[in-house]
Amino acid sequence: MTTNGAPPPVLSLKGVNTHYGAAHILKDVDIDIHAGEMVCLLGGNASGKTTTLKTMLGYLRPSSGTVYMDGENVNGWSTAQRVGHGLTMVPENRRLFKRMTVKENLEIGAYLRQSDDLDADYERVFEMFPRVKERLTQKAGTLSGGEQQMVAMGRALMAQPKVLLMDEPSMGLAPVLVAQNFEIIEQINKAGVTVFVVEQNANMALSIADRGYVLQTGKIVLDDTSQALLANPQMRAAYLGDV
Amino acid sequence: MTQAATVETRPARRASRITPVSVFLWALRIAILAIILYGSYLSISSGRLSAAQWRDLFVFGISTGSMYALIALGYTMVYGVLRFINFAHGEVFMVGAMMAFYVANALAVTPLWTSSPAVSLLIVLVAAMFTSTAIAVIIERIAYRPLRGAPRLIPLITSIGASFTIQYLVRGLVGPATKSFPRMEPLRGTFEFGGFVILKTQLVVIVAALVMMGGLYLFVEKTRTGKSMRAVAEDPETAALMGINVDRTIVNVFAIGGAMAGVAGALWGLVFPSINFFSGFLPGIKAFTSAVLGGIGNIVGAMLGGVSLGIFESVGPSLVLAGYEIPAFSQLKDVVAYAALVLVLIFRPTGILGERLAQERT
Ligand SMILES: Nc1ncnc2c1ncn2[C@@H]1O[C@H](COP(=O)(O)OP(=O)(O)O)[C@@H](O)[C@H]1O
Ligand SMILES: [Mg+2]
């Protein structure tokens with residue numbers, strides 16, 4: 001890892017290859033995410049975005065390459081250890097526990113927290129999403145899509161994340177909810193949480209991210225600041241809807 | 001790129017049409033109902049059994065059924081997290097009952113057995129509980145964990161193998177002879193309250209089962225471990241991504257299922273004092289039936305299913321079959337259990353409360 005004074009990235013992948021059985025999904029992926037940044041990972045369907053997040057969390061193990069947290073090699077760590085160290089994911093399509101109540105979903109978010117005193121965390125979630133408080137005793141499956149998104153964000157915040165991994169937060173939401181959701185993500189980032197957001201909606205993601213990576217069939221093909229990516233003709237043609 | 005407003009897409013409900021099969025099934029339903037009702041009418045009007053005899057059959061059904069319920073919890077909880085039927089669970093119960101026999105036998109010659117029967121009984125229960133828990137956890141570790149991710153038919157077949165292995169292991173260790181549980185003098189006879197008479201053993205069984213089931217329910221609903229079990233049952237991948245240790249949660253499920261089966265094993269010895277290496281088979285099948293009857297995967301369903309099956313089995317032959325002057329009707333109680341399983345699978349595959357046996361996780 002880089003030394004010379006600067007702190008190491010909070011999360012990074014170095015030369016990571018991930019397989020599903022014989023299928024080679026991630027190919028020599030390098031990603032560095034620094035503290036406080038908002039970074040996005042763009043790519044089409046089945047390009048390997050979710051696989052990247054699952055590899056970061058240790059749910060999938062790389063066949064070669066290394067995952068680092070704060071400069072430490074965490075290849076041998078379990079998902080629970082990584083979550084315990086502040087890596088938290090909001091999964092694709094929210095994936096709430098629909099048969100459990102909203103309150104229980106939030107409790108699952110705080111599953112690995114050592115402290116029993118979660119009142120301040122609940123307050124923070126309720127302040128950001130007053131609707132969640134009204135729905136606490138309801139089964140999560142009975143909520144609307146927008147409300148479910150709030151609970152999914154709340155569940156992640158209950159883990160007190162240092163790095164928040166967001167898997168396609170725009171998926172399956174009405175445009176107005178997408179915009180709201182991205183505002184919330186920005187707000188969380190401004191409050192000091194590092195955010196890594198995976199998106200197919202490149203315009204939306206680049207409008208709030210500092211930097212972006214572009215993934216194509218498991219390879220990082222572009223890696224630049226958001227302005228540069230927005231201006232990149234290759235990028236415009238492939239992902240930003242220009243013809 | 002931007003997606004349109006989403007609404008949860010539900011599969012359109014299939015238009016209900018009258019097909020020959022549905023006509024046949026309805027005819028079958030009506031015929032079965034008519035047979036049951038007419039048989040009940042015949043036996044009740046014949047006055048063969050007194051009100052007290054009916055009550056005794058009912059109470060016997062509840063006590064047997066509450067043991068089925070305890071065993072059924074293991075089937076249903078394992079199905080909940082792993083989506084396969086652990087056919088070795090009947091053997092987990094049998095091993096607990098066997099341990100209960102040995103501990104009870106050893107205690108029966110000590111003064112404790114007569115001086116403090118409650119303590120003795122508690123020791124027997126705890127010993128059986130620990131033994132069954134240990135066996136359940138060991139089976140999970142050696143037979144099922146290596147198969148995680150394999151198609152679900154494979155652990156299912158393995159569980160049948162595990163079941164035979166345990167049966168013959170026990171047979172090899174303790175011999176094939178049927179053993180008889182020592183009597184507990186203070187549990188002989190009946191207990192009366194307000195004119196209601198119940199055998200003491202049955203009362204102990206019902207109370208102990210209720211306590212265990214109540215405790216389990218609270219555990220699953222209220223504790224952190226219980227919530228993690230429900231999360232894993234609903235969506236193991238997301239649970240893992242939230243930092244829940246799925247393997248450990250599965251071990252917890254096997255351990256709790258084993259503990260319940262162990263308690264059932266010890267209680268079984270109070271009501272049906274003879275036991276051998278094959279004694280897990282029938283109660284295991286009955287408990288599996290109970291779990292399906294209640295809705296596989298559903299904990300409260302397993303409890304309801306167990307008690308219902310116990311009652312059907314106990315009351316059913318005298319109520320329905322005796323009415324038709326079937327000579328050995330009381331020998332047919334196992335038929336009632338299997339008929340109940342087949343009928344549930346035909347008419348209500350979701351059971352009383354639960355989900356379809358073949359339904360995939362959503
Ligand atoms: N559980 C799995 N088993 C086998 N292949 C998988 C599995 N999950 C994803 N894949 C494959 O990995 C590739 C990348 O998937 P994914 O990371 O989910 O893509 P994205 O999130 O970018 O849409 C796809 O080709 C997909 O078919
Ligand atoms: Mg994806």
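FYI, it's all coordinate maths here, none of it is from the lab. As the structure is a prediction and not an experimental result, all values here were calculated from the model. All Cβ positions, even for glycine, are placed from backbone atoms using ideal geometry, and neighbour counts span all protein chains on display.
Amide H contacts of A:T101: A:A140, each under 5 Å away and 5 or more positions distant or on a separate chain (H built 1.01 Å from N in the peptide plane; Pro and chain starts excluded). Once the mean of 1/r is taken over each pair of separate Cα atoms and inverted, chain B shows a Kirkwood hydrodynamic radius of 22.0 Å.
The phi torsions of the stretch A:17-30, fed into the Karplus equation with coefficients 6.51, -1.76 and 1.60 and a -60° offset, translate into couplings of 10, 10, 10, 10, x, 8, 6, 8, 9, 9, 10, 6, 7, 10 Hz, rounded to whole numbers, with Gly and Pro shown as x. Each Cα pair under 8 Å and six or more residues apart adds its sequence gap; the mean of these over the residue count of chain B is a relative contact order of 32 percent. Annotation: amide H-H contacts under 5 Å for B:F181 (H modelled 1.01 Å from N, sequence separation of 5 or more, or interchain): B:S274, B:I275.
In a reduced charge model with +1 at each Lys and Arg Cβ and -1 at each Asp and Glu Cβ, the stretch A:93-160 shows a dipole moment near 480 debye about its Cα centre.
Translational diffusion of the protein assembly as shown was estimated from the Stokes-Einstein equation, with Rh taken as the Kirkwood radius over Cα pairs; at 4 °C and 1.567 mPa s the coefficient is 47 µm²/s.
Shown in residue order for the stretch B:310-322 are the 3J(HN,Hα) couplings computed by the Karplus curve 6.51 cos²θ - 1.76 cosθ + 1.60 at θ = phi - 60°: x, 5, 3, 5, 7, 8, x, x, 5, 6, 8, 6, 4 Hz (x for Gly and Pro).
Sorting B:F93, B:F164, A:F97 by the number of Cβ atoms found within 10 Å of their own Cβ, with the fewest placed first, yields B:F164, A:F97, B:F93. Mean projection of the Cα convex hull over all viewing directions, computed for the stretch A:112-243: 9.7 nm². Centre-to-centre separation between the Cα atoms of the stretch B:22-54 and those of the stretch B:134-165: 41 Å.
In the elastic network of chain A, a GNM with C-alpha springs shorter than 10 Å, the most mobile of A:S64, A:S170, A:S12 is A:S64.
For the stretch B:179-224, with equal point scatterers placed on the C-alpha atoms only and solvent neglected, what are the log10 I(q)/I(0) values from the Debye formula at q = 0.19 1/Å, to two decimals? Values, matching the q order: -0.72. The trypsin sites (Lys or Arg not before Pro) of the stretch B:125-228 meeting both criteria, a DSSP state outside H, G, I, E and B (loop) and at most 16 other C-beta atoms within 10 angstrom of the site's C-beta, are B:R148, B:R152, B:R183, B:R188. With a Cα-only, solvent-free Debye model of the stretch B:211-258, what are the log10 I(q)/I(0) values at q = 0.18, 0.23, 0.26, 0.33 Å⁻¹? With one equal scatterer per Cα and no solvent, log10 I(q)/I(0) is -0.51, -0.78, -0.94, -1.24. Taking the alpha-carbon centroid of each part, what is the distance from the stretch B:325-342 to the stretch B:246-291 in angstrom? Cα centroid of the stretch B:325-342 versus Cα centroid of the stretch B:246-291: 23 Å apart.
Each part reduced to its alpha carbon centroid, the stretch A:135-186 and the stretch B:68-120 end up 46 Å apart.
Of B:A264, B:A27, B:A136, which has the largest mean-square fluctuation in a 10 Å C-alpha GNM of chain B? Comparing B:A264, B:A27, B:A136 in the GNM, the peak value goes to B:A27.
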